[in-house]
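The values are calculated or read from the model by the stated rules, or taken from the named source; none is laboratory data. All values derive from a computational prediction rather than experimental measurement. All Cβ positions, even for glycine, are placed from backbone atoms using ideal geometry, and neighbour counts span all protein chains on display. These accessible areas exclude ligands, DNA and RNA; they are computed on the full protein's heavy atoms, side chains included. Shrake-Rupley method; radii C 1.70, N 1.55, O 1.52, S 1.80 Å.
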Amino acid sequence: MTTVAEVKKWTRAILAEHPDLALKPRKLYLRPVRHIYRYIHFLGSSDRTHSKPTAGFMIMFGPPTGRLSDNWSRELIVGWSTDVDFHERLAIHIRQTLAYPFRPLAEIEDLYCLMQEGRLHWQHEELLPLSSDAFLHASVLAALGRLAEVCVVAQAYIDKEEARYLAIKASGEALLDTPRKRSEGVSRIQLANQFLKPMNDMRELIALANADDRRGVAAVLHRWEETNAQRLGIEDAWEPTCFPLERDL
């Protein structure tokens, strides 16, 4: 497995080149960390010389019971640390990633613009649009102050999917009293809760958005963002800042 010491050695030059980068402990991330977390994670493998850095970004203020990203990541193909050109190749990939898409995703407005259908291409691939994850989409719309759209996007997903996951949960609960089926029941309940819990988070946001309570919506997003910073272990790197929603309050 790749060690933290090796990651430090590999990234020392690029950290000196870009003062807005930081390392903790296997993640190279772009500062400041406000509403969007942009990082390169050195995952490592069974071969410690195979670094497998993966670049990605996360929306910090999504519902904390849900996902923070939806496959918005790419492995940077840099080879093995024993390769003659490893350090040069790694530096080139990091510079390219910083230039695009990381730096253009600095603000929520930038993220919303770039992640519309067909606009964000990364390493010759088109990333899933923001609309592919209804709750992250709704959270971004809320941060932008587009409250009517929040209700439409989030409620449409709940109306479409909730009954299915409630049925899966009920079928799992029915198996709990059968010893040979109990583990299957637990698995079904866990699967259902994975999708049902974010729906409950979003209902709070929907209610506030329906009431046009902009301060209430902002308070929810700030609370979610703080929870997610703790969840990611980056509380000391995260800087709480206002959302576009709050600029006119």
For the range 128-148, name all the residues that are of a type outside the set (S, T, N, Q) and more than 18 Å from H35 (Cβ to Cβ). L128, P129, A134, A148
Would you confirm whether any residue within the range 27-45 is at pLDDT below 90, more than 17 Å from the chain's Cα centre (by Cα) and over 24 Å from E125 (Cβ atoms)? no
Reported set for the range 128-149 where residues are surrounded by fewer than 17 Cβ atoms within 10 Å (Cβ to Cβ), in a helix (DSSP H, G or I) and not acidic (D, E) is S131, S132, A148
From the list A91, A156, which one is touching a residue at least 40 places away in the same chain (Cβ under 8 Å), touching a helix residue (DSSP H, G or I) at 6+ places or on another chain (Cβ under 9 Å), open to solvent by less than 80 Å² (accessible area, probe 1.4 Å) and not in a strand (DSSP E or B)? A91
Subset of the range 147-161, residues closer than 16 Å to E204 by Cα and among the charged types (D, E, K, R), comes to E149, D159
Residue hits (the range 184-207; without any contact (Cβ under 8 Å) to a residue 24 or more places away in the chain and buried (at least 21 other Cβ atoms within 10 Å of the Cβ)) are R188
Where residues in the range 48-105 are within 17 Å of the chain's Cα centre (by Cα) and basic (K, R), which of them is nearest to T2 (Cα to Cα)? R74
Would you be able to say whether some residue in the range 213-228 is within 15 Å of the chain's Cα centre (by Cα) and either without any contact (Cβ under 8 Å) to a residue 40 or more places away in the chain or open to solvent by 70 Å² or more (accessible area, probe 1.4 Å) (or both)? yes
Given (1) in a helix (DSSP H, G or I); (2) open to solvent by less than 80 Å² (accessible area, probe 1.4 Å); (3) under 18 Å from P32 (Cα atoms), number of the condition I234 does not satisfy: (1)
Inter-residue pairs, beta-carbon under 7 Å, first aliphatic (A, V, I, L, M) and in the range 236-249, second open to solvent by 80 Å² or more (accessible area, probe 1.4 Å) and part of a helix (DSSP H, G or I), 6+ apart: L249/R215
Which ones in the range 172-191 are under 22 Å from G66 (Cα atoms) and of a type in the set (S, T, Y)? S187
Here the residues within the range 69-78 that are open to solvent by 10 Å² or more (accessible area, probe 1.4 Å) and either over 18 Å from L127 (Cα atoms) or part of a loop (DSSP other than H, G, I, E, B) (or both) are S69, D70, N71, I77
